[in-house]
Amino acid sequence: MLLGAVLTGLYMICTLYAAGNGRAEAAGRALMEGAQAAVPFVLGIAGGICLWSGVLELLERSGAAGALARALRRPLRRLFPRSTEQGEILEALTENLSANLLGLGNAATPAGIRAARGMAALGEPARDELGMLVVLNTASLQLLPAGIASVRAAAGASAPFDILPAVWLSSAVSVSCGLLAAAILKRLWR
């Protein structure tokens, strides 16, 4: 609701500014061209996201996602010792992390919400772990940035996955810094 009001206000300001400067026709033309260009761009992104969401579903049905989840349990138990004692929370955490590793933030969100709700239900002991979950989801370690590659492909990139080394480095640094900051703040807070 607030975002709609802000966007409407910005649109009104831009319209008044264009009319005041005698550029209303150019602004209208740019608005229509932008709307026409947005449709194929959004369809291209949606196609890529559907493809990688389908790949994630295949990984789950084939058992590969389960193998990845089993591989992730030990590090998750180290990061979330109280929460991973609960089976549903551990399952949601592994699903969330698996989807984030594949760069599918849209598929990771429901699992992250389930994990966060489970942690919140544990009460005070899991408060720090809930903060850690937020840090991990915000920093998002990615091995295969499917969402970004879909955007790059829709924008016409000839090699949408040529950003892999930069993504690996930046996501590893962001996750490391986030975990370090969370650990420092946890000690300072107490």
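The values are calculated or read from the model by the stated rules, or taken from the named source; none is laboratory data. This structure is a prediction, so every number in the text was calculated from the model and none was measured. Cβ placement follows ideal geometry from the backbone for every residue including glycine, while neighbour counts extend to all protein chains displayed. The area values use the complete protein model at the heavy-atom level, side chains included, leaving out ligands, DNA and RNA. Shrake-Rupley method; radii C 1.70, N 1.55, O 1.52, S 1.80 Å.
Structure values in brief
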| item | result |
| --- | --- |
| Kirkwood hydrodynamic radius of segment 1-82, Cα pairs, Å | 17.6 |
| Mean accessible surface per residue for the chain, computed with a 1.4 Å probe while every protein chain stays in place, in Å² | 65 |
| Protection proxy ranking of 85-98, 61-74 - average other beta-carbon atoms within 10 Å, highest first | 85-98, 61-74 |
| Label point distance in nm, A46-L169, each placed 7 Å from Cα along Cα→Cβ | 3.7 |
| Å³ per residue enclosed by the Cα convex hull of segment 137-190 | 66 |
| Shape parameters for the chain, alpha-carbon atoms, Rg then Dmax in Å | 21.2, 66 |
| Segment T109-L2, length gained on full extension (0.36 nm per residue, minus Cα span) | 36.3 nm |
| Counted charge near M119, where neighbours are those whose Cβ lies closer than 9 Å (Asp, Glu -1; Lys, Arg +1) | +2 |
| Order of exposure, largest accessible area first, which applies to W52, W168 with probe 1.4 Å | W168, W52 |
| Accessible carbon and sulfur surface of the chain relative to its total accessible area, %, 1.4 Å | 68 |
| Distance between modelled label sites at Y11 and A27, nm, 7 Å Cα→Cβ extension | 1.3 |
| Area accessible to solvent at L59, 1.4 Å probe radius, in Å² | 60 |
| Per-residue [θ]222 nm for the chain (sum of -39500 (n - 2.57) over DSSP H runs n ≥ 4, rounded to 500) | -28000 deg cm²/dmol |
| Extension gain from L185 to A159, taking 0.36 nm per residue of separation minus the Cα-Cα distance | 5.3 nm |
